[in-house]
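The values are calculated or read from the model by the stated rules, or taken from the named source; none is laboratory data. Please read all numbers here as calculations on a predicted model, not as lab measurements. Because the Cβ atoms are built from the backbone with ideal geometry, glycine has one as well, and the counts that use them run over all protein chains shown. Please note that ligands, DNA and RNA were not included when accessible areas were found on the heavy atoms of the full protein model with its side chains. Shrake-Rupley method; radii C 1.70, N 1.55, O 1.52, S 1.80 Å.
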Amino acid sequence: MAEVKVKPEVPDPLEIENRIIELCHQFPHGITDQVIQNDMPHMEPQQRAMAINRLLSVGQLDLLRSNTGLLYRIKESQNAGKMKGSDNQEKLVYQIIEDAANKGIWSRDIRYKSNLPLTEINKILKNLESKKLIKAVKSVAASKKKVYMLYNLQPDRSVTGGAWYSDQDFESEFVEVLNQQCCKFLQTKAEAAHDSKQNPMIQRNSSFASSHEVWKYICELGISKVELSMEDIETILNTLIYDGKVEMTIIAAKEGTVGSVDGHMKLYRAVNPIIQPTGLIRTPCGLCPVFDDCHEGGEISPSNCIYMAEWLEF
């Protein structure tokens, strides 16, 4: 049965502009063209340039020059008129929420920072929500609590859980499928390099793949209903590293090279252990990246560790 490839839809120009504005809010000190490219890899350079030029022409962005190149930053005057006519208490609450950026802030923390009564804070929050200046978002960290952030911000993945959560439920099957497909791609590349019969050094170098190559392969498979970023794919590749199935190396890359960040590029390849690891390493604790944060009664503890439970069952 032939595979059906799902081509990503070309984003609307207005959606591109709104996303650039969101990125500028997330990074108040300014963003580079590379940041926009990494966030929206499907977008053509011409589309990106047109969106940036329009935002500059209508006065929504400032163009700055830094040591790393050109920076795009949101104009401070854009937020100045939003709170016109508001009292000092409302302005204070708005400023606290604005400082929290796209990670949001709980009403309890707003109360602590503002020293205002809870009843007054709730009244202000409802008023700001009615004006569409802020919004309440449910957090995966605490399902019964809401965090508040500016209305036009896209919530951080620490709030929504990113691509791995749907309606605050962790999509374990989806993550497992991605894990298998990423590993399969790297194994196939390693086998092709081995079958090339070239010298060992060339074989080793050709067995590596960048996170952009893996991301492109997953996108072409069409197995994801949501748009995945390279950061999402690197998260999956990190789990394969922790499982001992993949190794990573970092190389220097020219500025602007697809998949590079700050002049560096991450490369991955599938590996097979030459010898079996020792008993301690084979336990979940031997490879756990959050070992130092694990303790009984904490958010990460041996009693609720799924890896420990699976290991004991095995």
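Assorted remarks:
- Difference of contour (0.36 nm per residue) and Cα-Cα distance, HIS194 to HIS42: 51.5 nm
- With every protein chain in place, the stretch 13-62: carbon and sulfur % of accessible area (1.4 Å): 53 percent
- Binned Cα-Cα distances of the stretch 172-270, short to long, each 5 Å bin given as a whole percent: 2, 13, 23, 24, 20, 12, 5, 1, 0
- Remark: the Cα gyration tensor places the stretch 13-62 in the oblate category, a/c being 1.5 or greater and a/b not exceeding b/c.
- Each principal axis of the chain carries a Cα extent, and these read 74, 52, 44 Å when sorted largest first.
- Rounded tilt (10° steps) of 172-195 against the dominant C-alpha axis of the chain: 40 degrees
- Ranked from largest to smallest solvent-accessible area, with a 1.4 Å probe on the protein heavy atoms, MET308, MET248 come out as MET248, MET308.
- Angle in degrees between helix 211-221 and the longest Cα principal axis of the chain, rounded to the nearest 10: 90 degrees
- With semi-axes defined as the square roots of five times the eigenvalues of the C-alpha gyration tensor, the equivalent ellipsoid of the stretch 86-161 measures 20, 13, 10 Å, largest first.
- Spherically averaged projected area of the convex hull of Cα atoms, the stretch 111-251: 12.1 nm².
- Each of GLN203 and LYS225 was given a label point 7 Å from its Cα along the Cα-to-Cβ line. The distance between the two points is 4.4 nm.
- Relative to one another, the C-alpha centroids of the stretch 150-190 and the stretch 10-73 are positioned 25 Å apart.
- With each label modelled as a point 7 angstrom along the Cα→C-beta vector, the LYS113-LYS144 pair spans 2.5 nm.
- Helix 45-57 axis, angle to the chain major axis (alpha carbon atoms, nearest 10°): 20 degrees
- Cross-link pairs beyond the 30 Å C-alpha cut-off, checked among LYS138/LYS254; LYS184/LYS266; LYS225/LYS266; LYS113/LYS138; LYS146/LYS216: LYS138/LYS254; LYS146/LYS216
- Apportionment of accessible area to carbon and sulfur, the stretch 80-191, percent (1.4 Å): 47 percent
- Nearest-0.05 FRET efficiency for MET50 and ALA101, computed from C-beta distance (R0 30 Å): 0.65
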